[in-house]
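The values are calculated or read from the model by the stated rules, or taken from the named source; none is laboratory data. Computed from a prediction, not measured in an experiment: that's the story for all the values here. Every residue, glycine as well, gets a Cβ built from its backbone with ideal geometry; the counts of neighbours run over all protein chains shown.
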Amino acid sequence: MHSLDLGLILSIESSCDDSSIALTEIETKRLIYHKKISQDSEHTKYGGVVPEIASRLHAIALPKIVEEIKSHLSRVKAVAVTNEPGLSVTLLEGVMMAKALSLSLKVPIISINHLLGHIYSLFIEKDEIFPLSTLLVSGGHTMILEVSKDCSVEIVASSMDDSYGESFDKVAKMLNLGYPGGPYIEKMAKNGDENAIDFPLPLKNKKELAFSFSGLKNAVRLEVLKEDIDSKRVENISASFQNIATKHLLKVCEKYFKNRKIETFSIVGGASANRYLRGKFQNLCKKYEIELLLSDLEFCSDNAAMIGRAALLKYKREEFTHHSDLKANPQNTTL
Ligand code: KG4
Ligand code: ZN
């Protein structure tokens, strides 16, 4: 069959501050179109995402992207959309766009959980490898997840408070670096001494698998207030914070590796773009003879390509969501 005749899934992601749409070829898994309009510059002055601004910008960006792919719309066989979890007003923009497209193109809707989408970011244009254990590190979540052979997902560990990515955002805000904080902190940390400040390792004596970043965040706050901030101190605080936040992830995952026989481990989510974290986990997995899968840097943060990839299995299984049942579930983290 000529590739221009192959059916497509049109996918939409708007769970936070990225407006993204992708087209994925159903039979080949090929990503034939992917666009993401970032809102970082709009939110940076507030040091975090302002939901109402994000929602208004999605309402402008999503139709603009659809306009660009007009010529492909006749090949679309289903519309996939992130409907949970995320910010309610921004999820709604994607959900409304999905409903409008589904009605006008007369194709079904596939609703996708954002966390599941991150897992599929590993397999864009590739076959999936399940069972799989994964560390999800995003702005909203820090979790260890286990995906079974039939693609059901179990939460093995999660954060008791802030997420890893969120703690980078908050520390960057304290240091006036900008939003999202992760890339700024990573950059500053490169020139800093990671042993300059002795921040406390979270949950040091806890036996259960769990994460926590609020205590570390407060320790950074106290350090920032101690004396005037100059560029050397910004670099040292960034490096020392990144060291301890990442060490905490490594310690919890090492405990997990000791308890279960893991063959393949992966890291997904926006913060998995952090090169320091990637390097440290490469070493840890080598020590335990575990294969480590990482997403391409371009697919770590929120994007519609991973949503389209996650939708392929649901399309094959005909797991569609009726218009009247499609709702945004901002808080739902069950998978
Ligand atoms: O997955 P994502 O794009 O959105 C959510 O689902 O939350 O993740 C965004 C988070 C932000 O907190 C951002 O600061 C963090 O990922 N992040 C990083 C890096 N790049 C993005 N954190 C640490 N280091 C990075 N290089
Ligand atoms: Zn995300």
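Condition check for Ala196 on (1) crowded, with 21+ Cβ neighbours inside 10 Å; (2) farther than 27 Å from Tyr256 by Cα; (3) of a type in the set (A, V, I, L, M, F, W, C): one failure, at (1).
Of all residues in the stretch 176-189, one or more are part of a loop (DSSP other than H, G, I, E, B), within 13 Å of ligand 1 (Cβ to nearest atom) and aliphatic (A, V, I, L, M). Within the set Val76, Val81, Val89, the sole residue that is over 18 Å from Asp169 (Cβ atoms) and either within 16 Å of ligand 2 (Cβ to nearest atom) or at pLDDT below 95 (or both) turns out to be Val81. The residues of the stretch 70-123 that are touching a Gly at 6+ places or on another chain (Cβ under 7 Å), under 18 Å from Thr321 (Cβ atoms) and in a helix (DSSP H, G or I) amount to a single one, His114. Screening the stretch 267-288 for residues that are within 16 Å of ligand 2 (Cβ to nearest atom) and outside any helix (DSSP H, G or I) and picking the one that is farthest from Phe123 (Cα to Cα) gives Asn274. The residues on offer are Ile197, Ile155, Ile144, Ile129, and the sole one that is within 30 Å of Ala311 (Cα to Cα), in a loop (DSSP other than H, G, I, E, B) and among the aliphatic types (A, V, I, L, M) is Ile129.
Does the stretch 295-304 contain any residue that is aliphatic (A, V, I, L, M) and under 18 Å from Ser19 (Cβ atoms)? Yes, the conditions are met somewhere in the stretch 295-304.
Against the definition (surrounded by fewer than 16 Cβ atoms within 10 Å (Cβ to Cβ) and either closer than 21 Å to Lys126 by Cβ or touching a strand residue (DSSP E or B) at 6+ places or on another chain (Cβ under 9 Å) (or both)), how does Leu6 come out, yes or no? Here the answer is yes, as Leu6 does meet what is asked. Scanning the stretch 158-175 for residues that are part of a loop (DSSP other than H, G, I, E, B) and away from ligand 2 (no atom under 16 Å from the Cβ) yields Met160, Asp161, Leu175.
Let's see how each residue does on (1) surrounded by fewer than 23 Cβ atoms within 10 Å (Cβ to Cβ); (2) within 12 Å of ligand 1 (Cβ to nearest atom); (3) in contact (Cβ under 8 Å) with a residue 12 or more places away in the chain:
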| position | (1), (2), (3) |
| --- | --- |
| Glu93 | no, no, yes |
| Ser121 | no, yes, yes |
| Pro131 | yes, no, yes |
| Leu136 | no, yes, yes |
